[in-house]
Amino acid sequence: MKLLFLFGNAAVGKMTVGQELMKITNLRLFHNHMTIEPVIEIFGKYDGKVIKQLREVIFNNFASSNCYGMIFTFMWAFDQQEDWDYVEHIKSVFEPYNTDFYYVELVSPQEIRLQRNKTDHRLENKPSKRNIVESDKRLISDDNRYRLESTEGEILFDNYIKIDNSSMSPDVVAKMIKERFGFL
């Protein structure tokens, strides 16, 4: 089993790169909005507790499956211990199944991410982002409230790469990841 943590700031391209990577590997994509959007639709608001519970069910069942591996996308606030703990928790679900872990951090400047925040593809897949004014405000607010990009030498895991995808297409980034880690 393989588990790829694909993380980065809002609108950096996690879902889109994950979709491209799924096309060229046997990895399955579980992007963070696959649980966020249904919860918002059902409850009428973001509910972190319910989202976490849904993810837990998916992680537990996927880890014990015979699937090749998973790409999980999320935003990681490096200045929040609970985010570090959450990554370790997810790993603990998969560790009993002989899982290899991989870490890809995507980075791009805010001005590029604000442009990406408005793309048709993003809005089609993430209804909660369709109010562009509010979505842009959240992106800027998150940038100001949290440190969502690692510092040099902060990520000490094996199998880690940081990619500035500012001027790279998602398919090129996906190919880089596949080749770097030898995914099937």
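No lab work stands behind these numbers, since they all come straight from the coordinates. Computed from a predicted model, the values in this text were never measured in an experiment. Here the Cβ is made from the backbone with ideal geometry for all residues, glycine too, and neighbour counts use every protein chain on show.
Rounded if a/c is under 1.5, else prolate if a/b beats b/c, else oblate: with a ≥ b ≥ c from the C-alpha gyration tensor eigenvalues square-rooted, which is the chain? It is rounded, given that a/c, with a ≥ b ≥ c, falls under 1.5.
Grab the DSSP H runs of the chain that are 4 residues or longer, score each as -39,500 (n - 2.57), total them, divide by all residues and round the 222 nm result to the nearest 500 deg cm²/dmol. The partial results should precede the final answer.
Numbers: 8 runs with 91 residues, N = 184.
It comes out at -15000 deg cm²/dmol, rounded to the nearest 500.
Working note: Karplus 6.51/-1.76/1.60 with θ = phi - 60° gives the stretch 44-51 the couplings x, 6, 5, 9, x, 5, 5, 4 Hz, where Gly and Pro are set to x. Our coupling estimate for the stretch 139-155, obtained by passing each phi through the Karplus curve with A = 6.51, B = -1.76, C = 1.60 and θ = phi - 60°, is 4, 5, 4, 4, 4, 7, 8, 10, 9, 9, 9, 5, 8, 4, x, 6, 8 Hz, Gly and Pro reported as x. Applying the Karplus relation 6.51 cos²θ - 1.76 cosθ + 1.60 with θ = phi - 60° to the stretch 15-28 yields 3J(HN,Hα) values of 4, 5, 5, x, 5, 5, 5, 5, 5, 10, 9, 8, 6, 9 Hz, where x marks Gly and Pro. Straight-line cross-link partners of K2 among the lysines, defined as a Cα under 20 Å from its Cα and at least 8 positions apart when in the same chain: K14, K23, K91, K162, K175, K178. Taken about its Cα centre, the chain carries a charge dipole of about 580 debye when Lys and Arg each add +1 at the Cβ and Asp and Glu each add -1 at the Cβ.
For a straight C-alpha distance cut-off of 16 angstrom, the aspartates and glutamates reachable from K45 (same-chain residues fewer than eight places away being disregarded) are E37, E134.
A straight chain from N98 to K162 at 0.36 nm per residue would run longer than the Cα-Cα distance by 20.6 nm. Between D143 and R130, the modelled labels are 2.6 nm apart [label points 7 Å from Cα along Cα→Cβ].
Taking other C-beta atoms within 10 angstrom as a stand-in for reagent exposure, K45, K2 fall in the order K45, K2, fewest first.
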